[in-house]
Amino acid sequence: GMANLQTQVNSLPKEPLNQDELTSILFMREEEKLARDVYITLYNKWGVNIFSNISNSEQIHMDAILMLLNKYSLTDPVGSNAVGVFNNTILQNLYNQLLVQGNTNVPEAYKVGATIEDLDIFDLKTALINIDNQDIRLVYDMLTKGSRNHMRSFYKNILNAGGTYLPQYITQAEFDAIINSPMETGL
């Protein structure tokens, strides 16, 4: 759980942050907020439990990145921002677009969930290319695992609703590998 993660983060060396690492931590903190906020809002709209469950998980992801922000004495871009409010313009626009789609009907809301996890996996994987700090890698690996689990859950719901999902960010091969493998343990 979180106490265990905090212990692991604390035990790893505090190394200098390169520009990619700095930019990425700040961005991912808000990207995990985007996931949480969309799911909170879609749960309030549709009352479907998957959105409540996964929004709780995204809060844990946000908290995990906050550990890194605190360790490196970085200013939290989230601060006291309300649900649906972002410093990053790209994420603000994405939030607004995804809610328009998610408010259409429940199957579209599930697709929004898959889209967010698709983007999350892609962004974490891309960020890891230029990250060498062990503590950041640890947190990002855990978050990626969580996102793969969320993708499996949303995709199952999409199929049950008679829909389909084509990945927009990760490759079809990566997507197939995720949905054809079992749930993983982790945050």
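The values are calculated or read from the model by the stated rules, or taken from the named source; none is laboratory data. Being a predicted model, the structure only gives us computed values, none of them experimental. Cβ placement follows ideal geometry from the backbone for every residue including glycine, while neighbour counts extend to all protein chains displayed. Accessible surface areas use protein heavy atoms only, side chains included; no ligands, DNA or RNA. Shrake-Rupley method; radii C 1.70, N 1.55, O 1.52, S 1.80 Å.
Starting from the Cα gyration tensor of the range 93-166, take the square roots of the eigenvalues, sort them a ≥ b ≥ c, and report rounded, prolate or oblate (rounded when a/c is under 1.5, otherwise prolate if a/b is larger than b/c, else oblate). In terms of gyration-tensor shape, prolate. Rounded to the nearest 20, the Cβ-based charge dipole of the chain about its Cα centre (Lys and Arg +1, Asp and Glu -1) stands at 420 debye.
Count charges around ILE121 for me, please; just the other residues with Cβ under 12 Å from its Cβ, Lys/Arg as +1, Asp/Glu as -1.
-3
These residues, ASP141, ASP118, ASP176, go from largest to smallest accessible area, 1.4 Å probe, as ASP141, ASP176, ASP118. Please work out whether the range 142-187 counts as rounded, prolate or oblate from its C-alpha gyration tensor, where a ≥ b ≥ c are the square roots of the eigenvalues and a/c under 1.5 means rounded, while otherwise a/b larger than b/c means prolate and anything else oblate? Verdict is oblate for the range 142-187.
With K and R counted +1 and D and E -1, the other residues having a Cβ less than 12 Å from that of LEU26 yield a net charge of -4.
When the helices in the chain are scored as -39500 (n - 2.57) per DSSP H run of 4 or longer and the sum is shared across all residues, what 222 nm value do you end up with, to the nearest 500 deg cm²/dmol? After summing the helix terms and dividing by the residues of the chain, the value is -24500 deg cm²/dmol.
Residue ranges 43-50, 58-65 sort as 58-65, 43-50 when ordered by packing (mean number of other C-beta atoms within 10 Å per residue, highest first). Membrane-span-like helices of the chain, defined as complete DSSP H segments with a Cα extent of 24 Å or more along the helix axis and a mean Kyte hydropathy of at least 0.5, are absent.
Surface exposure of the chain, expressed per residue as accessible area with a 1.4 Å probe, stands at 46 Å². Heavy-atom accessible surface of ARG137, to the nearest 10 Å², is about 90 Å², with a 1.4 Å probe and all protein chains retained.
Counted residue by residue at 0.36 nm each, then reduced by the alpha carbon distance between them, the extension gain from LYS45 to ASP20 reaches 5.3 nm.
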